[in-house]
Amino acid sequence: MEIKDEKMLKPNEYVDIKIKIQNLISAYKSVNDKNVVNVLKQDTFALGTQYGIDETNEWKQLVQIVDSVSCSHQNAEKTLLDLESLVNAFEIPSHKQIEKLFKKIKKVPDFESETVNLYEASYLGINDTGNAKKFLILPDRNGKLHGVTGDFDIQIVNGLCAVCQNIGNVSLFSTKVKQRGADGNYVKRGNYICRHTDECNRQLIELEHLYDFTDSVTKV
Ligand SMILES: [Zn+2]
């Protein structure tokens, strides 16, 4: 008999739940139309079924607490933490694996010592502000990780992030992608992405955009 994996949620699904729950609490306080609030509530609570966690105690408890219009943001936040036990957190590769991901790069930042909320992380990123560079560990559609480094413009602008598709503080990340088989032929790729990867992860719901970004900086 197959044993079902206890970790049922991906980080982006957990992020989706967190955002929608907090939106619902905001609606309790700001929307007067009961029907609108009820529709929002139904949509939010349907996430349990959508992500296959509706039978877990953690979800049932969350629904029970958030169901009350007097539920505060802090109370919801606290209860949401219990869902972390269901999340398949991002696994930081070992030191050796990271070295392999960034072949030919001499100074790779220490991903292991970064404080990252791995329950909300769909990818990893470290800014090397002194050298105007960014180091990224990105998954592709097949679950394979890629180490990508590139220039990260120190200028911060307000714009759309290619990864999370939100408007916020972004900078231009540009990297060279090597053409397969060809010697020294590179294609330059530039994308505006969130300045801070933790902020990006906290609002990253659709993995398709992340995968598209991975493709654009790893494939010609
Ligand atoms: Zn972003």
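The values are calculated or read from the model by the stated rules, or taken from the named source; none is laboratory data. Only a predicted model underlies this, so the values are computations on that prediction, with no experimental measurement involved. FYI the Cβ positions are ideal-geometry reconstructions off the backbone, even for glycines, and counts take in every protein chain you see. Side chains included, ligands, DNA and RNA excluded: accessible areas come from the protein's heavy atoms. Shrake-Rupley method; radii C 1.70, N 1.55, O 1.52, S 1.80 Å.
A few comments on the model shown:
- Single residue of the range 144-170 satisfying the filter (assigned to a strand (DSSP E or B) and within 11 Å of the ligand (Cβ to nearest atom)) that is most open to solvent (accessible area, probe 1.4 Å): Ile167
- Candidates Arg189, Arg141, Arg180, filtered to the one that is under 22 Å from Glu13 (Cβ atoms), away from the ligand (no atom under 13 Å from the Cβ) and either open to solvent by 40 Å² or more (accessible area, probe 1.4 Å) or not in a helix (DSSP H, G or I) (or both): Arg141
- Where helices (runs of 4 or more DSSP H) sit wholly within the range 11-95, none has at least 3 residues that are modelled with pLDDT under 95, open to solvent by 50 Å² or more (accessible area, probe 1.4 Å) and not basic (Lys, Arg).
- Looking across the range 204-220, the residues that are assigned to a loop (DSSP other than H, G, I, E, B) and open to solvent by less than 60 Å² (accessible area, probe 1.4 Å) come down to Leu204, Ile205.
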